[in-house]
Amino acid sequence: MPDLKTKRTALVTGANRGIGFAIAHKLAELRMSVLAGVRNEANAIAAAAAFDKLGIDVKPVIIDVADAAALPSTLEAIEQRHAPIDILVNNAAILIDGPGGFNASLFDMTDDTLRRTWETNVLAPAAIIRTLLPGMIARGYGRVVNVSSLAGQLAGMSSGFPAYRISKTALNALTRIAAAEAGKGNIKVNACSPGWVRTDMGGPDAPRSPEKGAETAVWLATLPPDGPTGGFFEDKKAVRW
Ligand code: NAP
């Protein structure tokens with residue numbers, strides 16, 4: 001059974017569109033108090049209107065995850081203004097490998113592509129976890145979900161979009177490390193793959209809706225106290241690292 005008895009505060013990064021929007025939507029339907037991380041003021045206004053239209057109470061908060069150095073103070077201000085964050089979904093990410101998108105070659109990868117991908121997809125979740133996990137540990141409750149990808153799975157590692165793949169492998173490592181540091185109490189730190197999802201990142205040919213892509217992240221965000229930690233899941237089932 002999901003852990004839904006207490007109204008928890010959840011933060012979902014990159015929640016103005018795509019899978020992040022669907023995760024925020026579903027968590028609000030499950031009666032969580034949801035903060036939707038968005039990059040800037042314009043996105044905050046658009047996201048507030050989109051959530052209002054659906055009749056759900058989700059509050060946009062401005063978090064540009066590419067600015068990792070600013071994240072601790074930004075998050076502290078958000079927690080002071082709203083509430084301590086019990087559930088963190090690190091969802092925001094970029095896929096900027098090129099040319100060729102999913103076929104982009106290692107030999108075309110520039111240092112700039114790798115650096116920018118690393119900043120958004122790895123430094124940001126690392127900084128956010130470092131800022132929020134100690135409070136979760138002190139309060140004795142926390143759920144951290146890192147939205148990863150089978151593209152980062154070493155067991156199936158292959159060519160194509162190398163900067164993104166490298167970043168998701170690192171995010172998986174971060175998941176294991178944070179889970180180990182959080183210990184065996186009621187703090188659960190897991191990674192998930194949403195599958196191939198129809199979003200700006202996944203493209204129009206992907207088979208899954210954002211709602212379907214959100215399902216495993218929502219499950220991990222609402223795990224009961226005896227739920228798993230330090231795992232990597234797709235469709236609520238463990239997958240190889
Ligand atoms: P998306 O449609 O491209 O949306 C990405 C979200 O991240 C947007 O809300 C975007 O905000 C936000 N974001 C990016 N950089 C940001 C920054 N610096 N600050 C704040 N927000 C930022 O991607 P998606 O398909 O929903 O992907 C969501 C997650 O699922 C990602 O972690 C992705 O790697 C993972 N994933 C997706 C697929 C797939 O098939 N779609 C497959 C495997 C894994 P803006 O609107 O401001 O750009």
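Remarks
- Scanning segment 2-23 for residues that are open to solvent by less than 50 Å² (accessible area, probe 1.4 Å), under 14 Å from Pro84 (Cα atoms) and among the charged types (D, E, K, R) turns up just one, Arg8.
- Any hit, segment 134-150, residues being in contact with an Asp or Glu (Cβ under 9 Å, 6 or more places away or on another chain), assigned to a strand (DSSP E or B) and more than 13 Å from the ligand (Cβ to nearest atom): yes
- Cβ pairs under 6 Å, 6+ apart, first in segment 198-210 and more than 6 Å from the ligand (Cβ to nearest atom) and open to solvent by 30 Å² or more (accessible area, probe 1.4 Å), second modelled with pLDDT under 95 and not in a helix (DSSP H, G or I): none
- Conditions (1) free of Cβ contacts under 8 Å to residues at least 24 places away in the same chain; (2) within 14 Å of the ligand (Cβ to nearest atom); number of the one not met by Arg81: (2)
- For segment 35-59, a residue qualifies if it is of a type outside the set (A, V, I, L, M) and either open to solvent by 40 Å² or more (accessible area, probe 1.4 Å) or in a helix (DSSP H, G or I) (or both), and the qualifying residues are Arg39, Asn40, Glu41, Asn43, Phe51, Asp52, Lys53, Gly55, Asp57, Lys59.
- Qualifying residue in segment 175-196 (condition: surrounded by fewer than 21 Cβ atoms within 10 Å (Cβ to Cβ), of a type outside the set (Ser, Thr, Tyr), within 12 Å of the ligand (Cβ to nearest atom) and within 15 Å of the chain's Cα centre (by Cα)): yes
- Here Pro2 clears all of (1) more than 24 Å from Met136 (Cβ to Cβ); (2) more than 16 Å from the ligand (Cβ to nearest atom); (3) touching a Pro at 6+ places or on another chain (Cβ under 7 Å) except the condition numbered (1).
- Checked against the criterion of being in a helix (DSSP H, G or I), more than 18 Å from the chain's Cα centre (by Cα) and within 14 Å of the ligand (Cβ to nearest atom), segment 14-34 has no qualifying residue.
- The residues in segment 156-172 that are away from the ligand (no atom under 11 Å from the Cβ) and open to solvent by less than 50 Å² (accessible area, probe 1.4 Å) can be counted, and the count is 7.
The values are calculated or read from the model by the stated rules, or taken from the named source; none is laboratory data. Here the structure is a predicted model, which means the values were calculated and not measured. We place every Cβ from the backbone using ideal geometry, glycine too, and count neighbours over all the protein chains shown. For accessibility, only protein heavy atoms count, side chains too; no ligands or nucleic acids. Shrake-Rupley method; radii C 1.70, N 1.55, O 1.52, S 1.80 Å.
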